[in-house]
Ligand SMILES: [Zn+2]
């Protein structure tokens with residue numbers, strides 16, 4: 001199997017599918033459609049049923065049930081085709097390091113770069129495995145083409161394993177996860193699943209069912225612009241200065257991504273633009289709990305009011321938007337999707353462990369919309385940068401765990417899975 005999974009992975013990473021947050025189209029970049037179309041053709045060739053690309057580019061397919069048992073829930077496996085805007089995904093040249101020896105890995109296209117087990121200790125777990133890296137100038141794209149290759153290989157396995165009893169299995173490849181638009185147009189009725197899994201995680205055995213809850217804030221400061229020569233006389237108010245003042249007043253020591261960890265939330269200015277006339281500051285607000293998130297909204301609003309009071313001639317507006325919510329709020333009511341994933345991994349000989357994500361996944365929004373969707377490992381490491389790597393054998397065990405998961409849902413799933421109609425609590 002290794003070469004099939006590996007050759008798929010190598011084929012996918014060579015297509016530039018970098019997402020673009022400034023784009024207004026959906027998917028945000030045409031390269032994603034190239035890969036999605038390729039996946040559609042491959043699903044047809046593998047003998048999957050109901051293969052379809054929706055008008056927004058989602059590619060879906062079915063592996064029909066092999067069980068006659070009534071009431072077995074339909075489960076879905078998802079992976080995203082886009083790569084992060086943070087690092088180039090153009091002309092990715094994947095390099096396979098067979099039977100990795102545990103030493104520092106060098107990159108032919110950037111001699112200054114080194115992948116070192118002392119700073120990437122997970123590498124030591126990969127000794128003896130076949131590792132794939134990029135060549136030094138791009139990311140690899142294992143986030144999430146490792147997941148795409150795993151799901152595709154899962155389809156192949158399930159289509160061939162006629163004796164394996166499972167319910168209806170759906171697969172779905174999505175665009176634009178990295179820019180937070182991954183499930184904007186995903187029709188849950190069309191997907192038709194009662195539980196789902198994204199294959200977009202790290203180390204072997206990892207199960208993520210807790211994510212941040214997230215809001216964004218945008219502060220717009222309107223100043224008063226004049227010629228500098230008569231600034232004092234005409235009352236210039238420099239919006240750029242006020243933006244700086246706002247940033248300086250943030251509780252950075254206890255509330256920034258670079259000063260927090262574990263289950264602590266943060267306020268993070270992601271973009272500042274400004275001149276005399278107008279300045280804008282964009283923030284992301286994160287916390288695991290809703291009251292913690294609310295207190296971060298209050299901090300920003302309070303600072304804006306203070307700034308306004310100190311400079312009445314300026315006009316300061318703060319707009320807060322909801323982004324996504326911690327999937328645990330819903331999963332705690334029905335842990336079976338998580339529990340069955342744990343059992344499937346254990347049955348595959350792995351040690352399952354929970355990983356709390358200081359971020360969100362497409363599953364955060366899907367779970368809130370009524371489709372419980374934890375995230376499972378597929379071997380990605382050092383995502384979004386040139387040191388990204390994945391071990392082929394880790395992707396293979398992810399496939400095996402998913403096969404087992406399909407089998408377990410047939411055995412134990414029952415159709416009790418809540419919120420089929422999207423009535424989340
Ligand atoms: Zn991802």
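The values are calculated or read from the model by the stated rules, or taken from the named source; none is laboratory data. Keep in mind it's a predicted model, so treat the numbers as computed, not measured. In this analysis, Cβ positions are derived from the backbone assuming ideal geometry, glycine residues included, and neighbour counts consider all displayed protein chains.
A few points about this structure:
- Among residues of segment 388-413, those that are within 16 Å of the ligand (Cβ to nearest atom) and either closer than 18 Å to residue 117 by Cα or in contact with a strand residue (DSSP E or B) (Cβ under 8 Å, 6 or more places away or on another chain) (or both), counted: 5
- Qualifying positions in segment 178-200 - within 12 Å of the ligand (Cβ to nearest atom) and at pLDDT 95 or above: 198, 199, 200
- Filter pass, residue 19 being in contact with a helix residue (DSSP H, G or I) (Cβ under 8 Å, 6 or more places away or on another chain), within 30 Å of residue 124 (Cβ to Cβ), in contact (Cβ under 8 Å) with a residue 24 or more places away in the chain and within 16 Å of the ligand (Cβ to nearest atom): no
- Positions within segment 262-276 being loosely packed, with under 15 Cβ neighbours inside 10 Å and either assigned to a strand (DSSP E or B) or in contact with a helix residue (DSSP H, G or I) (Cβ under 7 Å, 6 or more places away or on another chain) (or both), in sequence order: 270, 271, 273, 275
- Restricting attention to segment 91-102, the residues that are under 29 Å from residue 179 (Cβ atoms) and either in a loop (DSSP other than H, G, I, E, B) or within 16 Å of the ligand (Cβ to nearest atom) (or both) add up to 4.
- Taking the listed residues 226, 137, 153, the one that is more than 16 Å from the ligand (Cβ to nearest atom), in contact with a helix residue (DSSP H, G or I) (Cβ under 9 Å, 6 or more places away or on another chain) and part of a loop (DSSP other than H, G, I, E, B) is 226, with no other qualifying.
- Of all the criteria given as (1) part of a helix (DSSP H, G or I); (2) more than 16 Å from the ligand (Cβ to nearest atom); (3) closer than 23 Å to residue 87 by Cβ, the one not satisfied by residue 146 is (2).
- Scanning segment 271-293 for residues that are farther than 25 Å from residue 208 by Cα and without any contact (Cβ under 8 Å) to a residue 60 or more places away in the chain yields 271, 272, 273, 274, 275, 276, 277, 278, 279.
- Some residue of segment 103-125 being within 21 Å of the chain's Cα centre (by Cα) and away from the ligand (no atom under 16 Å from the Cβ): yes
- Number of positions in segment 13-30 that are closer than 9 Å to residue 81 by Cβ and either touching a strand residue (DSSP E or B) at 6+ places or on another chain (Cβ under 7 Å) or assigned to a helix (DSSP H, G or I) (or both): 1
- Residue 206 passes every criterion in (1) surrounded by fewer than 24 Cβ atoms within 10 Å (Cβ to Cβ); (2) within 27 Å of residue 283 (Cβ to Cβ); (3) within 16 Å of the ligand (Cβ to nearest atom) apart from (2).
- Residue in segment 31-51 that is surrounded by the most Cβ atoms within 10 Å (Cβ to Cβ), counting only those that are touching a strand residue (DSSP E or B) at 6+ places or on another chain (Cβ under 6 Å) and touching a residue at least 12 places away in the same chain (Cβ under 8 Å): 43
- Single condition residue 319 does not satisfy, out of (1) within 24 Å of residue 180 (Cβ to Cβ); (2) modelled with pLDDT of 95 or more; (3) surrounded by 15 or more Cβ atoms within 10 Å (Cβ to Cβ): (3)
- Leading residue by the ranking (nearest to the chain's Cα centre (by Cα)) among those in segment 351-387 that are surrounded by 24 or more Cβ atoms within 10 Å (Cβ to Cβ) and more than 15 Å from the ligand (Cβ to nearest atom): 367
- Restricting segment 71-85 to residues that are crowded, with 24+ Cβ neighbours inside 10 Å and more than 9 Å from the ligand (Cβ to nearest atom), the residue that is nearest to residue 138 (Cα to Cα) is 81.
- Of all residues making up segment 120-147, the number that are without any contact (Cβ under 8 Å) to a residue 40 or more places away in the chain and on the phi < 0 side of the Ramachandran plot: 3
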